[in-house]
Ligand code: PRX
């Protein structure tokens, strides 16, 4: 079992304060300092954020109102003019950072590249000019479907530079998932690569783009810009497809950053929800820039000499906020790695730490659990003494994995920042500040200053100490999502209507269950909706069900998560077949493959269970709770009196 239980939380009493030496050198070096900031932000949120915005960022023009809050819509730094690519690049050029490494990149086959701030600036300007040549204008949307190479970050920053918005689609998504996202965003241009290297294989990307665009699949796309990475032969459509290196060769590197309105669209990022259709989470410019900047700085206690490495993919929010925008806005060195631990080199992550002297390392619990399985001799054989802070994100971390991370990777000396946040929140919401907040294994500890989080019941009343409830945020914050792209109604319904406003205060509903302990520490328990987390990747059960029922053999499908030791959860699908089809291993494999084709390998069911019928209530609702019990081999718990036909359950139990 990897999900925490209330019993395990109540038993978890270990507590790790920062060492005196760490605290002494930290930006926020004591609990008093944290409290001071937290209280100041609570007393005057607008004053708090305005002061930071002024101190930390460059503005072409100052805002005339800090916050315009028309629940559930927030505008931050109203009428301020800003450009996040300017903040990430230009403003570092007149300092010694000009020749500092902005991005250190390590390719899986062992090739590598370092881009200084001056070099990165140059390439971003060139790509921005190429966009312009290809007819991309301010307000247009550019789809980015890339491997983990520097050009992925360059493509994002180039959008921001000219005021185009990006929609990055994770390179592991299938062509069909790519198509639906490009279609929803009405993307004009797609930036991709021939492919990438991962786990000793090449991952073809351009062929997936071809497939997505086939037969005018996405009519809004006029051009495709292709970066050469694997050198594999790909089809190039004359007039539509262009090699990046060809166009780069003839383009100017002069492209001033466009002053953007603080509330101009910066990007859309699709994420899974409780319906079949992924939602485009909308983030805008000024507030997002400020919040990712300050959370990176304080949570990772950034020093000028740090080598910072976040192992996420740029296709997820973690890559957006904490590989690209947050670190570069701070002038930090951000490491990007193309590969992943693989049989031919299970210790590759530690090779990278050793090679570059990585000082801050940020990864996901699922990766930590996989590394534990590979054995500690891999990290033990490398010099990891450069590390000073470790981080984790994406799902609750089980205390055993936390302790291993602390002992084996951190040598017992590195604070662990367990950061709870979401695509929707843009940046860290609950997190230790490593020089100030003592950590407890499995807890994301306390809210970041300026974040008013709580655990409440469905009426919005705070629950008691150590009682379970819903995690909510009470006051708007600068990097909150602004809406669901093209579906504001869904934005209201999903995040603002589950729990009614309390005493006139709107509550952002995160979709997670949590508890607060006697020290006010938050323990996030996992999703309370039909979203599951497979290797830290968020999947909507309905999304997988829709994929399954689009196969001609499937009459009905119900998908649940089953606890998995490494992945956190695994997809289990209960399937009823159309009359003419018969259950078989071949069909099971075909259905798994069908899900991969419709969504991507991350959604591949671990198990398909054929059944004659689903356990349903009298009103026809599938009782997923029962399926979850069955999938994990547990006794069916709780009330089954609303079940319409009990024999269905008996059959499912006996595997008939
Ligand atoms: O359930 C929570 C879990 O990941 C969800 C957000 O997923 P996504 O938008 O894909 O963003 C992942 C990276 C920010 C949350 O609703 N989650 C994220 N971080 C944690 C977590 N659960 C427990 N502890 C965390 N530190």
Q.
I'm trying to understand the selection: among the residues of the range 608-649, which are part of a loop (DSSP other than H, G, I, E, B) and either touching a residue at least 40 places away in the same chain (Cβ under 8 Å) or in contact with a strand residue (DSSP E or B) (Cβ under 8 Å, 6 or more places away or on another chain) (or both)?
A. 611, 612, 613, 614, 615, 623, 632, 642, 644, 645
Q | Complete set of residues in the range 182-204 that are out of contact with any helix residue (DSSP H, G or I) (no Cβ under 9 Å at 6 or more places or on another chain), crowded, with 21+ Cβ neighbours inside 10 Å and not in a strand (DSSP E or B) | A | 185, 188
**Q.** Output for the range 411-465, where each listed residue is closer than 30 Å to residue 285 by Cα, within 14 Å of the ligand (Cβ to nearest atom) and not in a loop (DSSP other than H, G, I, E, B)
**A.** 416, 417, 418, 419, 420, 430, 445, 447, 453, 455
Q: Check the range 504-511 and report whether any residue there is assigned to a loop (DSSP other than H, G, I, E, B) and modelled with pLDDT under 95.
A: yes
Q | Test for residue 520: is it modelled with pLDDT of 95 or more and crowded, with 19+ Cβ neighbours inside 10 Å | A | no
Q) Do any residues in the range 344-362 that are closer than 20 Å to residue 418 by Cα have Cβ atoms under 7 Å from those of residues that are surrounded by fewer than 21 Cβ atoms within 10 Å (Cβ to Cβ) and at pLDDT below 95, where the two are at least six apart or on different chains, and which pairs are they? A) 349/341
Q. Any idea which of (1) within 9 Å of the ligand (Cβ to nearest atom); (2) on the phi > 0 side of the Ramachandran plot is the one residue 504 doesn't satisfy?
A. (1)
Q: All but one of (1) over 30 Å from residue 342 (Cβ atoms); (2) surrounded by 15 or more Cβ atoms within 10 Å (Cβ to Cβ) hold for residue 102, so report the exception by its number.
A: (1)
Q: Could you tell me whether any residue of the range 212-234 is farther than 24 Å from residue 124 by Cβ, modelled with pLDDT of 95 or more and within 25 Å of the chain's Cα centre (by Cα)?
A: yes
Q. Regarding residue 571, is this residue more than 16 Å from the ligand (Cβ to nearest atom) and under 22 Å from the mean Cα position of the chain (by Cα)?
A. no
Q: Filter the strands (runs of 3 or more DSSP E) completely within the range 296-397 down to those with at least 2 residues that are away from the ligand (no atom under 16 Å from the Cβ) and in contact with a helix residue (DSSP H, G or I) (Cβ under 9 Å, 6 or more places away or on another chain).
A: 307-310, 333-337
Q) What tally of residues in the range 398-410 results from selecting those that are free of Cβ contacts under 8 Å to residues at least 60 places away in the same chain and either part of a loop (DSSP other than H, G, I, E, B) or on the phi > 0 side of the Ramachandran plot (or both)? A) 1
Q: Taking residue 25 as the residue in question, decide whether it is more than 28 Å from the chain's Cα centre (by Cα), more than 19 Å from residue 69 (Cα to Cα) and touching a residue at least 12 places away in the same chain (Cβ under 8 Å).
A: yes
Q) Which is without any contact (Cβ under 8 Å) to a residue 12 or more places away in the chain and either assigned to a strand (DSSP E or B) or out of contact with any strand residue (DSSP E or B) (no Cβ under 8 Å at 6 or more places or on another chain) (or both), of 493, 562, 515? A) 493
Q.
Tell me yes or no: at least one residue of the range 278-295 is away from the ligand (no atom under 12 Å from the Cβ), surrounded by fewer than 23 Cβ atoms within 10 Å (Cβ to Cβ), in a loop (DSSP other than H, G, I, E, B) and at pLDDT 95 or above.
A. no
Q | Count of the range 466-477 residues which are part of a loop (DSSP other than H, G, I, E, B) and under 21 Å from residue 72 (Cα atoms) | A | 4
**Q.** All positions within the range 137-181 that are in a loop (DSSP other than H, G, I, E, B), surrounded by 23 or more Cβ atoms within 10 Å (Cβ to Cβ) and either in contact with a helix residue (DSSP H, G or I) (Cβ under 7 Å, 6 or more places away or on another chain) or free of Cβ contacts under 8 Å to residues at least 24 places away in the same chain (or both)
**A.** 146, 164, 169
Q: Kindly list, by first and then second residue, each pair from a residue in the range 523-535 that is closer than 15 Å to residue 605 by Cβ and without any contact (Cβ under 8 Å) to a residue 60 or more places away in the chain to a residue that is near the ligand (Cβ under 9 Å from one of its atoms) and outside any strand (DSSP E or B), limited to pairs with Cβ atoms under 9 Å and residues at least 6 apart or on different chains.
A: 532/272
Q | Members of the range 523-533 that are at pLDDT below 95 and in a strand (DSSP E or B) | A | 525, 526, 527, 531, 532, 533
**Q.** Candidate set from the range 524-545 (those that are more than 9 Å from the ligand (Cβ to nearest atom) and touching a helix residue (DSSP H, G or I) at 6+ places or on another chain (Cβ under 7 Å)); member that is farthest from residue 441 (Cα to Cα)
**A.** 544
**Q.** Those residues of the range 400-410 which are within 13 Å of the ligand (Cβ to nearest atom) and out of contact with any helix residue (DSSP H, G or I) (no Cβ under 6 Å at 6 or more places or on another chain), in sequence order
**A.** 402
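The values are calculated or read from the model by the stated rules, or taken from the named source; none is laboratory data. None of the values given here were measured: they were computed from a predicted structure. In this analysis, Cβ positions are derived from the backbone assuming ideal geometry, glycine residues included, and neighbour counts consider all displayed protein chains.
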